[in-house]
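Right, one structure below, let's go through it.
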Amino acid sequence: LNMANVSPEFSSYFMLMGYDRVKFDFGTSLKWKPSKDLLNLDLNLGITDAADLYIESNFTGLSGELFNTNNAAALGAYFLGNFKLKNFKLSLKDNSLRDKLIKLAAINFKMNTNDFKTYMISQMDNFTSTSGGNILFDQYKKSVKKFINGSKKIELNISPSSPISIAEVSPYFLNMTVNPDQFIKVLNLSITN
């Protein structure tokens, strides 16, 4: 895409970062094995030479018989209880975008890039010190710091010990403001590089 044609205002930022034209990549894979009760859905959304966003997911409990019903309530109940998440991974892979964004932001703040990275990390530390913490929050801080300082990837992983449905996880989700650690534990949620 020629960004100047799509959004002149937005394109100026891309040009300042050195991207005159932007090429988007999109890939997907869907594998459904009814006999093994498995559904795999993978997506790859990317900006060529800038960054890639990968989504990998595996589910159980998708029956072909579902498609023979017109009963919305039955479908809703089925998806709440029978359709279960086996694992999910969201990955951001940087190819050049992070460094170019940091450089552009540093210029706007009238700082060099190393000072700006230090500033971003200190702002994150200030915010997180007043927000409390949990296991996931600590992983988030550590992974974001590593990403800012040069790691090429950051990932969010959900891998419960056994497949879990929306109905099974909803009590933990509703109680998350009181105790997020239970929600994190039941989903085996992690953020890594």
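The values are calculated or read from the model by the stated rules, or taken from the named source; none is laboratory data. All values reported here derive from a predicted model rather than from experimental measurement. Glycine also receives a Cβ, built like all others from the backbone with ideal geometry; neighbour counts cover every protein chain displayed. Protein only, heavy atoms only, side chains kept; ligands, DNA and RNA dropped before computing areas. Shrake-Rupley method; radii C 1.70, N 1.55, O 1.52, S 1.80 Å.
Taking region 47-84 as the search range and keeping residues that are closer than 18 Å to Lys31 by Cα and among the β-branched types (Val, Ile, Thr), which one is surrounded by the fewest Cβ atoms within 10 Å (Cβ to Cβ)? First the steps, then the outcome.
Looking only at region 47-84, we keep the residues that are closer than 18 Å to Lys31 by Cα, and these are 54-67, 83-84.
Going one step further and asking which of them are among the β-branched types (Val, Ile, Thr), we end up with 55, 60.
Details: Ile55: 15, Thr60: 17.
So the residue we want is Ile55.
One residue alone among Ser129, Ser165 is touching a residue at least 60 places away in the same chain (Cβ under 8 Å), among the small types (Gly, Ala, Ser) and over 30 Å from Ser96 (Cβ atoms), and that residue is Ser165. Within the option set Asp42, Asp25, Asp49, being of a type in the set (D, E, K, R), at pLDDT 80 or above and out of contact with any strand residue (DSSP E or B) (no Cβ under 8 Å at 6 or more places or on another chain) holds for one residue only, Asp49. Criterion applied to Ser29, Ser91 was being in contact with a Phe, Trp or Tyr (Cβ under 6 Å, 6 or more places away or on another chain) and open to solvent by less than 80 Å² (accessible area, probe 1.4 Å), and the one residue passing it is Ser91.
Screening Phe137 on (1) assigned to a helix (DSSP H, G or I); (2) modelled with pLDDT of 95 or more; (3) hydrophobic (A, V, I, L, M, F, W, C); (4) open to solvent by 40 Å² or more (accessible area, probe 1.4 Å) shows it passes everything except condition (2). Residues in region 138-187 that are among the small types (Gly, Ala, Ser) and more than 27 Å from Lys93 (Cα to Cα): Ser162, Ser165, Ala167, Ser170. A residue that is outside any helix (DSSP H, G or I), open to solvent by 50 Å² or more (accessible area, probe 1.4 Å) and touching a strand residue (DSSP E or B) at 6+ places or on another chain (Cβ under 7 Å) can be found somewhere in region 95-104.
Only one entry of Ser129, Ser122 meets the criterion of being part of a helix (DSSP H, G or I) and open to solvent by 50 Å² or more (accessible area, probe 1.4 Å), and that entry is Ser129.
For Asp115, the stated conditions do not hold, so it cannot be described as in a helix (DSSP H, G or I), free of Cβ contacts under 8 Å to residues at least 24 places away in the same chain, closer than 18 Å to Lys153 by Cα and open to solvent by 60 Å² or more (accessible area, probe 1.4 Å). Residues that are of a type in the set (D, E, K, R) and in contact with an Asp or Glu (Cβ under 9 Å, 6 or more places away or on another chain) within region 12-68 comprise Lys23, Asp25, Lys31, Asp42, Asp52, Glu56, listed in sequence order. Counting residues in region 155-164 that are within 29 Å of Met15 (Cβ to Cβ), open to solvent by 60 Å² or more (accessible area, probe 1.4 Å) and either out of contact with any Phe, Trp or Tyr (no Cβ under 9 Å at 6 or more places or on another chain) or modelled with pLDDT of 95 or more (or both) gives zero. The one condition from (1) surrounded by fewer than 16 Cβ atoms within 10 Å (Cβ to Cβ); (2) farther than 19 Å from Ser165 by Cα that Asn44 does not meet is (1).
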